2 protein chains.
Amino acid sequence: MRPKTLKELASHLDLSIATVSRALAGHERIAQATRDRVAKAAREFGYVPSMAGRMLVSGRSGFVGMTLAVRGPKLVDSFLGEFVTGLGEGLTERGNDLILATVAQGQSELDVLRHLVDSGRADGVVITRIAEVDQRVDYLIDRGARFVAHGRLLESERAYNWVDTDGARAFAEAFDMLYQLGHRHFGLLTISEPMTFRHLRQDGLAGAISRCGDPSLKLDVMTTPRFDRGACIQAAHRLLNAPERPTAIIGLFDELALTVMEEASRIGLSIPRDLSVIGFDNIAAAAYAPPGLTTFDASIRECAREAAAMLVDVIENPGQPPRTKLVQPMLTARASHGPAPRKHR
Amino acid sequence: MRPKTLKELASHLDLSIATVSRALAGHERIAQATRDRVAKAAREFGYVPSMAGRMLVSGRSGFVGMTLAVRGPKLVDSFLGEFVTGLGEGLTERGNDLILATVAQGQSELDVLRHLVDSGRADGVVITRIAEVDQRVDYLIDRGARFVAHGRLLESERAYNWVDTDGARAFAEAFDMLYQLGHRHFGLLTISEPMTFRHLRQDGLAGAISRCGDPSLKLDVMTTPRFDRGACIQAAHRLLNAPERPTAIIGLFDELALTVMEEASRIGLSIPRDLSVIGFDNIAAAAYAPPGLTTFDASIRECAREAAAMLVDVIENPGQPPRTKLVQPMLTARASHGPAPRKHR
DNA sequence: TCAATCTGTGCAAACGTTTTAAATCTAATC
DNA sequence: GATTAGATTTAAAACGTTTGCACAGATTGA
């Protein structure tokens, strides 16, 4: 019979539970010989400490939680996969694991978060897709829960831990690159949902334009509901059919940029000869859609890894001032951008 | 002060712990009035039972586990996201949650599975990407662990629970469709790794061909290492540059089919005029790559939902005969297939 | 009036671990 | 040979929950 509990292991070794526990923990005060003997037996019998017992006394579960809101019939990118992979990488290095708690239809995400934390299943949580004003943040702060946000609030007097991608910088970089290529008339296809990253990226672009100071610069901004494919196409269409068409269009993220590319080729424009297009995220389809979308890699996995590291730090060292981290996206140049068309130079 | 534990809640209500516990569980023997009073207080104070305490006494954690092996620098599709979403959907309906345990570099997946189960963190596990011969299955059976496999072994005298996509049927269907369109010379781009789905799909195709009985039928099979992009391209190239070229090529999965499409257009073939291509999986890029890849939707999310339901069933009703479930993939017709070129008819 | 039944509640054990405080053993010192 | 200091080990409590069993009070039947 294989000892499955500490008690069984102890009686098999003719030691007390306490000694075995301490020996396994590598406690100094236990004789080296005993430690070795215990370690050997534990290995031999494949003893694995019960999570429940340990959890009960330590008050920690070793888990980090994240909610999973089921959306849409089918995921269009690998964001979720990349994110959990990154979290997993960051967590496992520090001996933690990840809980994915699905928010059922008609259930509130806040409730799920609360249960996760209050039941002790998770020592902390990661929240993603932060909106401009996000009740989850206030809620978690009020609750005194340990958490890290992937993304930022638009503005908040309260401090919290966050990791984010530097979209403002990326969009400024996109502008600089396109400006160098002779572009002067820009288009931005953005969304109407109140997500913070929308502001940050647009501000990054606008800031770069105004810093540049060239009076001939022009920026057309078109807005569309995020999940309405028809509206997206229409918005792209309008951007492309303006009396004076931009020579370079930036999509708030790749899906929008890809829509622009599709619409552009539908009306007979050649990319990048007639139009430059740049996206953000570097989803898989960006490489497949001709002629290959130039975009910024959002480094989702790295963000998640950072978030995991930060959260474990928050859990283990509470009471520190909030931590923040800006991850730099990387330009992934493909073939959808090029010099501005001649007549526009 | 908010009662956080049963004891506190009980003393606040002037009841015993036992009564409160039973009242919350909706036990018959507790007076209705008491039950209501307790429920109200619990709701009011936001009491959430501690997972650890419950787990310790019930022996169940309410978690289902899955390992996450970090592979490649970047995910190319949404498989992982779809799969965990499906699992989440299936689990949350039955009051369970998901643990994602990352397999760290140099760590064995078996070890992670063992810890997951033996520590009591997970009541059961789901394993994916089953190889022809997969040590995880034997291991879990020997261990007496409750598990469900997404995918099958090539052959096994031992029974276990599995959910799988019916790739054989899909490939047979692809053949039938292409045969109707006049195609007689087929190509299959497949992988060299010993994964069971490779056999099942290829057998499905070969079976349909032999059932058809047309002696003019021909099938070229080309094999390539799965993760070697260069080799994939080369294999596609060879398939396309054979002395007599197939008029229809089926990719074992979309990435391979997309590679075929890229290579085909590189050497000046027009799809579907000169060549029909069909894939499997329906990854996002399949819709973006011109002219749009005809493929089978692998219904990953549905598989995962089934797997979750099955696993919970296995956990709650042990000792039943093993369950199996074949999910039907759905043809997603786009523009990459069409009538066979004239000269071949 | 007393026993028997029923209804509602409480006591206490059990789950497996960690940890505080105390006990035992060993060796060394006087 | 007694005392002490140091080195190991152990007993017992605590964590929060569920649940078998027992108990008190009320109701019923004889």
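Listing for the model above:
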item: Linear extension gain, A:ASP214 paired with A:ASP176, 0.36 nm per residue minus alpha-carbon span; result: 12.5 nm
item: Average beta-carbon neighbours from other chains, 10 Å sphere, peptide A:55-64; result: 3
item: Across the identical copies, how the A:GLU262 labels are spaced - nm, sorted shortest first, 7 Å along Cα→Cβ; result: 2.1
item: Lysines whose Cα lies under 18 Å from that of B:LYS218, excluding same-chain neighbours fewer than 8 positions away; result: B:LYS343
item: Distant-in-sequence amide H partners of A:SER78 (H built 1.01 Å from N, under 5 Å); result: A:ALA284
item: The range B:325-341 - phi-based ³J(HN,Hα) in whole Hz, Karplus 6.51/-1.76/1.60, Gly and Pro as x; result: 8, 9, 9, 8, x, 10, 4, 10, 7, 10, 10, 8, 10, x, x, 5, x
item: Peptides B:81-88, B:53-60 ordered by average Cβ neighbours within 10 Å, highest first; result: B:81-88, B:53-60
item: DSSP-defined beta bridges in the protein assembly as shown - what % are antiparallel, rounded to 5; result: 15
item: Relative packing of A:184-197, A:28-41, A:263-276, which averages over residues the other C-beta atoms within 10 Å, highest first; result: A:184-197, A:263-276, A:28-41
item: Potential lengthening between A:GLU8 and A:ARG129 on full extension [0.36 nm per residue; Cα-Cα distance subtracted]; result: 38.8 nm
item: Selected from A:LEU256, A:LEU75, A:LEU91 as most flexible by GNM, with chain A as the system and alpha-carbon contacts under 10 Å; result: A:LEU75
item: Mean accessible surface per residue for chain A, computed with a 1.4 Å probe while every protein chain stays in place, in Å²; result: 44
item: Gyration tensor (alpha-carbon) shape descriptor, the range B:129-241, a/c threshold 1.5; result: oblate
item: For the range A:104-187, with +1 on Lys and Arg beta carbons and -1 on Asp and Glu, the positive-most of A:LEU113, A:ILE141, A:ALA168 along the dipole; result: A:LEU113
item: Cβ crowding within 10 Å averaged over residues, with B:211-218, A:215-222 ranked highest first; result: A:215-222, B:211-218
item: Listed residue pairs exceeding 19 Å between alpha carbons, taken from A:LYS7/B:LYS7; B:LYS7/B:LYS40; B:LYS4/B:LYS40; A:LYS325/B:LYS74; result: A:LYS7/B:LYS7; A:LYS325/B:LYS74
item: Fraction of the pair-distance distribution of the range B:6-49 above 14 Å, Cα-Cα pairs, percent; result: 35
item: Computed P(r) (all Cα pairs; chain B; 10 Å bins; percent); result: 5, 21, 25, 19, 14, 8, 6, 3, 0, 0
item: Rounded to 10°, Cα long-axis angle of helix A:254-266 versus longest principal axis of chain A; result: 30
item: Length gained when the stretch B:SER16-B:PHE45 is fully extended (0.36 nm per residue, less Cα-Cα span); result: 8.7 nm
item: Accessible area buried at the B-A interface, both sides summed, 1.4 Å probe (Å², nearest 100); result: 4500
item: The range B:198-345 - Rg (one decimal) and Dmax (whole number), Cα, Å; result: 18.2, 61
item: In the range A:101-176, the GluC sites (Glu not before Pro) that fall in loop regions by DSSP, at most 10 other Cβ within 10 Å; result: A:GLU155, A:GLU157
item: The range A:170-212 - charge dipole about Cα centre, Lys and Arg +1 at Cβ, Asp and Glu -1, debye rounded to 20; result: 100
item: Within the accessible area of the range A:6-49 (1.4 Å probe), percent carbon and sulfur; result: 50
item: Accessible carbon and sulfur surface of the range A:137-277 relative to its total accessible area, %, 1.4 Å; result: 48
item: Cα-based helix-to-principal-axis angle, B:167-180 vs chain B, degrees rounded to 10; result: 30
item: Rg to Rh, two decimals, where the range B:1-88 supplies the alpha carbon set and Rh follows Kirkwood; result: 1.23
item: For the range A:209-264, convex hull of alpha carbons as volume per residue, Å³; result: 88
item: The protein assembly as shown: Rg to Rh, with Rh as the Kirkwood radius over Cα pairs; result: 1.02
item: Hypothetical label at B:GLU93: residues of the range A:66-92 whose amide nitrogen lies under 19 Å (7 Å Cα-Cβ projection); result: A:68-75
item: Residue-wise HN-Hα coupling along the range B:75-80, computed from phi with Karplus coefficients 6.51, -1.76, 1.60 (Hz; x: Gly, Pro); result: 6, 9, 9, 9, 3, 4
item: Residues A:GLU244 and B:ASN241, FRET efficiency given R0 of 45 Å [Cβ-Cβ distance, rounded to 0.05]; result: 0.40
item: The range B:6-49: relative contact order as a whole-number percent, Cα under 8 Å and 6+ apart; result: 32
item: Residue mean of other protein chain beta carbons inside 10 Å, B:96-109; result: 5
item: Across the identical copies, how the A:LEU56 labels are spaced - nm, sorted shortest first, 7 Å along Cα→Cβ; result: 0.3
item: Long-range amide H partners of B:PHE147 with built H, under 5 Å; result: B:VAL125
item: Average other protein chain Cβ within 10 Å of Cβ, residues A:255-266; result: 1
item: Residue-averaged 222 nm ellipticity for the protein assembly as shown, from DSSP H runs of 4+ at -39500 (n - 2.57), nearest 500; result: -13000 deg cm²/dmol
item: Angle in degrees between helix A:300-316 and the longest Cα principal axis of chain A, rounded to the nearest 10; result: 40
item: Label 7 Å beyond Cα on the Cβ vector: A:SER216 copy-to-copy distances, nm; result: 6.4
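The values are calculated or read from the model by the stated rules, or taken from the named source; none is laboratory data. Remember, predicted model here, so these are calculated numbers, not experimental data. All Cβ positions, even for glycine, are placed from backbone atoms using ideal geometry, and neighbour counts span all protein chains on display. Accessible surface is based on the protein model in full, side chains and every heavy atom, while ligands, DNA and RNA are left aside. Shrake-Rupley method; radii C 1.70, N 1.55, O 1.52, S 1.80 Å.
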